[in-house]
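The values are calculated or read from the model by the stated rules, or taken from the named source; none is laboratory data. Note that the structure is predicted; figures quoted are calculated from it, not measured. Cβ atoms come from the backbone with ideal geometry, glycine included; neighbour counts cover every protein chain shown.
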Amino acid sequence: METISVAVAFASGEMASQIITAIDDHPFLDLCGIARSIPDLLRLLMRFRPQALAMSPPLLEELDPSSLGSEEVHALSLPVTFLISYPDMRWDEVELARMLRLPLRFGGLLAGDLPHGVDLFHEIKSRVELHRGGKPASNRGLRPAGGQGERTGLYTIMGTKGGVGTTLLTCALAAAISSSGRRVLLMEMDRNLSQLLYLTPRGDGKSLLDLCPLAEEISWDLIKVSVHQHAAGFHLLPYGHGGDGVMAPVRSVPEPLMRNLLFLFDVVIQDLPASSRADFLPMLHYCPTVLPVTLPDTLSATCARSTAAYLHGTGLDHDHLRLVVNRCGPHHALEPGELARAAGMELLFTLPDDPRSGLDFAELGELPRSESPLGKATAGMAAALGFDDTPITKPPSLQLFKRIRSRSANRA
């Protein structure tokens with residue numbers, strides 16, 4: 001059976017945890033994102049094209065049709081929108097008439113306090129099919145239940161053994177991809193030693209451990225004020241540690257947190273060391289592209305083969321797995337192509353040995369310069385992944401929407 005993709009939109013400060021839990025726990029309802037503001041909602045709809053939208057009255061009241069461009073209007077008109085109702089909700093005729101003039105396909109009410117999973121699914125399914133003439137829905141909002149074929153914006157850079165340079169590589173790759181204007185998050189998964197914590201100014205920015213309790217509350221407004229943005233353009237989320245310096249690891253990244261981060265950012269890059277390999281299993285749900293990193297020597301090749309066997313054993317799609325060979329020089333016995341064949345993976349890219357960039361990163365925390373050998377190579381690696389360096393621009397209608405919001409805020 002195919003799943004129905006559902007988005008949830010409610011203003012910051014509201015509680016819709018029962019609706020979210022009911023959708024998230026149902027095997028045939030796919031919660032694709034949670035929006036807490038109108039800009040986040042428009043981004044969610046244009047990016048994921050959900051079939052159904054559950055929206056709270058306060059956020060609906062913020063929706064101004066006159067500020068929307070044609071792309072936003074089209075995105076709003078695609079899903080069947082359900083209004084989340086609460087016992088104290090009181091709308092008069094003026095408010096009801098305004099809602100009916102919005103570019104929405106209204107599907108009815110969802111009780112915010114009694115979201116029984118089975119009833120909720122049948123209610124959404126029947127309304128979605130009704131709007132499609134009684135036919136089972138089949139568009140981009142549906143995907144096979146339990147499938148792994150669909151790519152997401154998650155890239156896991158996995159060390160095959162210690163010391164292969166994954167931390168420097170993830171930083172350089174995040175900088176290369178963010179140079180095109182994409183929202184990029186570099187997320188550290190090393191629960192034993194949070195190295196990226198020392199790349200942020202002292203006390204600046206929250207860590208992964210800090211955000212875990214706020215998983216359901218994550219919005220772009222919160223990210224902007226709480227997650228450190230590196231000078232190279234990407235956002236930096238170190239694993240973190242307890243207040244006394246002792247690690248307080250989490251068993252796995254909470255699903256709501258991971259889901260919201262993938263919605264808010266175009267690309268999420270994980271720095272996953274070899275010692276944290278077991279933490280990869282929960283990430284399979286998000287269909288990551290996995291890039292194991294190795295060195296061009298015999299010991300590293302053996303470790304790379306072991307890593308490949310582990311990843312194949314998890315059920316990771318072969319198309320989502322590519323090998324990266326780091327620190328390639330003229331005096332290695334193994335050619336990168338031979339190493340990839342020995343490890344049983346396709347080769348994505350080879351990176352040169354660049355001691356100067358390595359020392360600058362280790363001693364000063366500086367990223368490779370764009371004209372350095374490693375800087376040029378990571379730009380090429382980003383292109384090999386499908387990210388060119390052509391700056392992308394936001395839709396003109398969304399830029400207009402932001403200008404209108406800014407003028408309104410100034411007048412207030």
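Tabulated results
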{"read-out": "Residues located in region 200-220, provided they are surrounded by fewer than 20 Cβ atoms within 10 Å (Cβ to Cβ) and part of a helix (DSSP H, G or I)", "value": "Leu209, Asp210, Cys212, Pro213, Leu214, Ala215, Glu216, Glu217, Trp220"}
{"read-out": "Helices (runs of 4 or more DSSP H) completely within region 311-390 that count 3 or more residues being within 16 Å of Ala301 (Cβ to Cβ)", "value": "336-343"}
{"read-out": "Lone unmet requirement of (1) basic (Lys, Arg); (2) on the phi > 0 side of the Ramachandran plot; (3) buried (at least 20 other Cβ atoms within 10 Å of the Cβ) for Arg36", "value": "(2)"}
{"read-out": "Residue list for region 275-326, filter: closer than 16 Å to Glu346 by Cβ, crowded, with 20+ Cβ neighbours inside 10 Å and of a type in the set (A, V, I, L, M, F, W, C)", "value": "Val290, Leu291, Val293, Ala301, Ala304, Ala308, Leu311, Leu316, Leu321, Leu323, Val324, Val325"}
{"read-out": "Long-range neighbours under 7 Å by Cβ, at least six apart or interchain, first residue free of Cβ contacts under 8 Å to residues at least 60 places away in the same chain within region 362-390, second polar (S, T, N, Q) and part of a helix (DSSP H, G or I)", "value": "Ser372/Ser357"}
{"read-out": "Enumerated strands (runs of 3 or more DSSP E) restricted to region 26-85, each holding at least 3 residues that are modelled with pLDDT of 90 or more and within 20 Å of the chain's Cα centre (by Cα)", "value": "none"}
